[in-house]
Every structure is written in structure tokens, then in C-alpha cells.
Amino acid sequence: MLDTTPLTRAVDHFADRLRAAPQSRLQRGAAAEALGLARELALRTQRVEDPAGEPREMPDAGMFAAADQITVAAHDLALVLKDEGELAEAVRLVAEAQKRAGV
């Protein structure tokens, strides 16, 4: 079984930083960056679970829900990752999104 601890740690750190961020930072793009990440992670999960299915986009639940959305999406993805390469790619996506979000 694949140890997905690096992914859950990275996304939990990003989510904690989002929760601690001031509203002004969330409005300046941190929440939008997090939503984009959540959507990408959810899409990757859907592709594994139902490759022939029509992808569904994660809804925008508002800037204060962005931390929860990335957490849920990452934990879902962690359940379907198949190898270290996919895990490393997911961790990289989280790190890059956090850097762009500025939190």
C-alpha cells in the first residue's frame, strides 16, 4: 500500500495556512488558487475512478471553504494513487499552488 503521508501533510499545511490567512489575502487570490487546486485534484481522482465518465467540476463554495475543499480533494486523491510518481506529482501540485497563493 502506498504511503500518502507526504500528500496529506502538504495539503494539511496549505489548508492551515489558508484558515489563518486574513480575508484580504483570500480575496486577492489565495482562495481562487486553492479552489483551482481542489478542482484539479478532484479531476485526477475522477479520471482514476471513472475514466469514461463525464468529469464534474467542484463547485465554488466560497473563499472560506477553500481550505476544506483542498483537504477533501487531496484525501480523495490519496485513496486512488497508484505509485510514487503520481504521489510526487500531487505533492508538487500542492506546493506550487501554495506558493502562488502566497500563504
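Read-outs: derived from the displayed coordinates by stated rules, not from any lab. Given the structure is predicted, the values throughout are model-derived calculations rather than measurements. Here the Cβ positions follow ideal geometry from the backbone for every residue, glycine too, while neighbour counts run over all protein chains shown.
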Two pseudo-spin positions, 7 Å from Cα along C-beta at Leu43 and at Ala95, lie apart in nanometres by 2.2 nm
Calculated from DSSP helices alone, with each H run of at least 4 adding -39500 (n - 2.57) and the total divided by the residues of the chain, [θ]222 nm to the nearest 500 comes to -22000 deg cm²/dmol
Here, trypsin sites (Lys or Arg not before Pro) of region 46-99 satisfying both criteria (DSSP loop; at most 11 other Cβ within 10 Å) are Arg56, Lys82
If one builds a Gaussian network model of the chain from Cα atoms under 10 Å apart, the most fluctuating residue listed among Ala38, Ala21, Ala73 is Ala21
Per GNM of the chain with C-alpha springs under 10 angstrom, the most fluctuating residue out of Gln69, Gln27, Gln46 is Gln27
Given unit charges at Cβ for Lys, Arg (+) and Asp, Glu (-), the dipole magnitude of the chain about its Cα centre in debye, nearest 20, is 540 debye
Between the Cα axis of helix 31-49 and the main Cα principal axis of the chain, the angle (0 to 90°, nearest 10) is 10 degrees
In whole Hz, the Karplus estimates of ³J(HN,Hα) for region 53-61 (6.51, -1.76, 1.60; θ = phi - 60°; x where Gly or Pro) are x, 6, x, 10, 8, 4, x, 7, 8
Under Stokes-Einstein, region 50-94 at 4 °C and 1.567 mPa s, with its Kirkwood radius over C-alpha pairs, diffuses with a coefficient in µm²/s of 107 µm²/s
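What fraction of the Cα pairs in the chain, stated in percent, has a spacing above 15 angstrom? Please list the in-between numbers first.
Details: 3001 of 5253 pairs.
For the chain, the share of Cα pairs beyond 15 Å comes to 57 percent.
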